[in-house]
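The values are calculated or read from the model by the stated rules, or taken from the named source; none is laboratory data. Bear in mind the structure is a predicted one, so any value in this text is a computation, not a measurement. Neighbour counts run over all protein chains shown; Cβ positions are idealised from the backbone, glycine included. Areas reflect the complete protein model, heavy atoms only, side chains present, ligands, DNA and RNA absent. Shrake-Rupley method; radii C 1.70, N 1.55, O 1.52, S 1.80 Å.
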Amino acid sequence: MKVTNIDTFLVRVPLVKPFKTAVRTVLSADSLVVRLDCDNGISGWGEAPATVAITGDSLSSIDAAIKEHLGPFLIGRNLLAYEEVLSGLSGVMVGNTSAKAALDMAVYDCLAQNSHLPLYEYLGGADGELETNMTVSVNSPEEMGEDTERYKEQGFSILKVKVGIGDIELDIKRVREIRKKAGNHIRIRLDANQGWSPKMAVRAIGQMEDEGLDIELVEQPVKAHDLHGLKQVTDHVNTLIMADESVFSPKQALEVIRMRAADLINIKLMKAGGIYQGLKINQLAEAAGMECMAGSMIETHLGITAAAHFAASKQNITRYDFDAPLMLSKNILNGGLCYQTNKIHLPKEAGLGIRGIHTQ
Ligand code: MG
């Protein structure tokens, strides 16, 4: 199964409502889609969104990385020797994890199609159903409370609340309002997206614990590079702390594990450089007794289909943040994953289960 051709094209899907975090505001999902063709007639799909504030990757840098470096490496390679192909791919150039992830998911799509299995089964999983959380963007406490009521009515049972903008009193007010509107049966996760200092985080989380706001976990309270600060927070609160922007690669995961800087790790294909590296992070975490969440950037149904197959295949991945397609005004896929409010159903067809892409 040798690679004969790689094509890329741009897609832009407007969001229904702006997505706001402590580091950025997103109005549309702008992605580069990749199609990889093999000499046995199998084609695989991949996607990489622009996330300059997180990965440093823009649409043009992703396209150039694929056309000038990563694509030429893959052309003519036999994908059945995927160990050599995918470890080689990560060594072609430093960084550029989004471009690598798009190609990696296309490679896995081909491998699973060649084995006549849905990708999650090819990777060892038995169940193609997941429950995703729904994100409440960071806004005024009142607006976040209204969003909470709406998502609760729609049937979501886990909310991921963006905080980390303004002073911590405002963040605590936001969470108080959300817990009031959510009632006691909704799981609430927070994501500060690096917006707090270690001391602010300890104070804010401690206050929420004292008020009984019942927070399941707090994601990336402090700056990505500040592992000592992350550890300080983890050591001084009872609430679970999750590393997100601090962990891109397996090596960074190893460092967080070694320091015990966090309790949990959020794996995203765009940070890791694809499924191959994501699996390594999960295995390291599992060996250390640390569970993982699988999350995503603002990607279309394509990237999330790949991420959901990955997540569904491993028992140590216990939490899922795959709500990005629910924020989009349309689905570009023919095939792929389906949503039933918070429930995700993966297709039973081989590979990612994508039959085609609507570009218009
Ligand atoms: Mg996060």
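Count, please, the residues in region 127-142 that happen to be in a loop (DSSP other than H, G, I, E, B) and closer than 29 Å to Pro347 by Cβ.
Residues of region 127-142 in a loop (DSSP other than H, G, I, E, B): 127-128, 132-133, 137-140.
From what's left, closer than 29 Å to Pro347 by Cβ: 127-128, 132-133.
Count: 4.
For Gly164, indicate whether it is more than 14 Å from Asp323 (Cα to Cα), of a type outside the set (Ser, Thr, Tyr) and within 15 Å of the ligand (Cβ to nearest atom). Walk me through it before giving the result.
Working: more than 14 Å from Asp323 (Cα to Cα): yes; of a type outside the set (Ser, Thr, Tyr): yes; within 15 Å of the ligand (Cβ to nearest atom): yes.
Judged against the criteria, Gly164 is a match.
Please go through region 209-239 and pick out each residue that is acidic (Asp, Glu) and within 16 Å of the ligand (Cβ to nearest atom).
Of all residues in region 209-239, those acidic (Asp, Glu) come to 209-211, 214, 216, 219, 226, 235.
Glu216, Glu219, Asp226 - these are the residues of region 209-239 that are acidic (Asp, Glu) and within 16 Å of the ligand (Cβ to nearest atom).
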Return yes when Gly289 is more than 16 Å from the ligand (Cβ to nearest atom), without any contact (Cβ under 8 Å) to a residue 60 or more places away in the chain and not charged (D, E, K, R) and no when it is not. yes
What single numbered condition from (1) crowded, with 21+ Cβ neighbours inside 10 Å; (2) under 30 Å from Ala253 (Cβ atoms); (3) β-branched (Val, Ile, Thr) fails to hold for Thr148? (2)
Hey, Ser87 touching a helix residue (DSSP H, G or I) at 6+ places or on another chain (Cβ under 9 Å), polar (S, T, N, Q) and loosely packed, with under 13 Cβ neighbours inside 10 Å or not: yes
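For region 265-284, name all the residues that are within 16 Å of the ligand (Cβ to nearest atom), over 30 Å from Gly356 (Cβ atoms) and either part of a helix (DSSP H, G or I) or open to solvent by 10 Å² or more (accessible area, probe 1.4 Å) (or both). Walk me through it before giving the result.
Step one: of region 265-284, the residues within 16 Å of the ligand (Cβ to nearest atom) are 265-272, 278, 281.
If we keep only those that are over 30 Å from Gly356 (Cβ atoms) as well, we get 265-266, 281.
Of everything in region 265-284, just one residue is within 16 Å of the ligand (Cβ to nearest atom), over 30 Å from Gly356 (Cβ atoms) and either part of a helix (DSSP H, G or I) or open to solvent by 10 Å² or more (accessible area, probe 1.4 Å) (or both), namely Ile281.
Regarding region 224-243, can at least one residue be identified that is hydroxyl-bearing (Ser, Thr, Tyr) and either open to solvent by less than 10 Å² (accessible area, probe 1.4 Å) or under 23 Å from Asp57 (Cα atoms) (or both)?
Quick first cut of region 224-243, residues hydroxyl-bearing (Ser, Thr, Tyr) only: 234, 239.
Okay, now just the ones that are also either open to solvent by less than 10 Å² (accessible area, probe 1.4 Å) or under 23 Å from Asp57 (Cα atoms) (or both), so none.
Taking every residue of region 224-243 in turn, none turns out to be hydroxyl-bearing (Ser, Thr, Tyr) and either open to solvent by less than 10 Å² (accessible area, probe 1.4 Å) or under 23 Å from Asp57 (Cα atoms) (or both).
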Return a yes/no flag: does region 132-152 have any residue that is among the β-branched types (Val, Ile, Thr) and more than 16 Å from the ligand (Cβ to nearest atom). yes
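Within region 113-133, restricting attention to residues that are among the small types (Gly, Ala, Ser) and in contact (Cβ under 8 Å) with a residue 12 or more places away in the chain, which residue is nearest to Ala306 (Cα to Cα)?
Looking only at region 113-133, we keep the residues that are among the small types (Gly, Ala, Ser), and these are 115, 124-126, 128.
With in contact (Cβ under 8 Å) with a residue 12 or more places away in the chain added as a condition, the list becomes 115, 124-125, 128.
On the way: Ser115: 16, Gly124: 15, Gly125: 14, Gly128: 12 Å.
The qualifying residue nearest to Ala306 (Cα to Cα) is Gly128.
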Identify, by number, the condition in (1) surrounded by fewer than 20 Cβ atoms within 10 Å (Cβ to Cβ); (2) closer than 24 Å to Ile54 by Cα; (3) touching a strand residue (DSSP E or B) at 6+ places or on another chain (Cβ under 7 Å) that Arg187 doesn't meet. (2)
Across (1) at pLDDT below 95; (2) open to solvent by less than 60 Å² (accessible area, probe 1.4 Å); (3) farther than 19 Å from Thr51 by Cβ; (4) of a type outside the set (Phe, Trp, Tyr), Gly336 clears everything bar (1)
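Conditions tested, residue by residue: (1) open to solvent by 10 Å² or more (accessible area, probe 1.4 Å); (2) within 16 Å of the chain's Cα centre (by Cα); (3) farther than 19 Å from Ile54 by Cβ.
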site	(1), (2), (3)
Ala294	no, yes, no
Ala308	no, yes, yes
Lys314	yes, yes, yes
Pro325	no, yes, no
Lys348	yes, no, yes
Strands (runs of 3 or more DSSP E) wholly in region 1-74 with at least 1 residues that are more than 20 Å from Ser296 (Cα to Cα) and either open to solvent by less than 30 Å² (accessible area, probe 1.4 Å) or β-branched (Val, Ile, Thr) (or both) - which ones? 3-20, 25-38
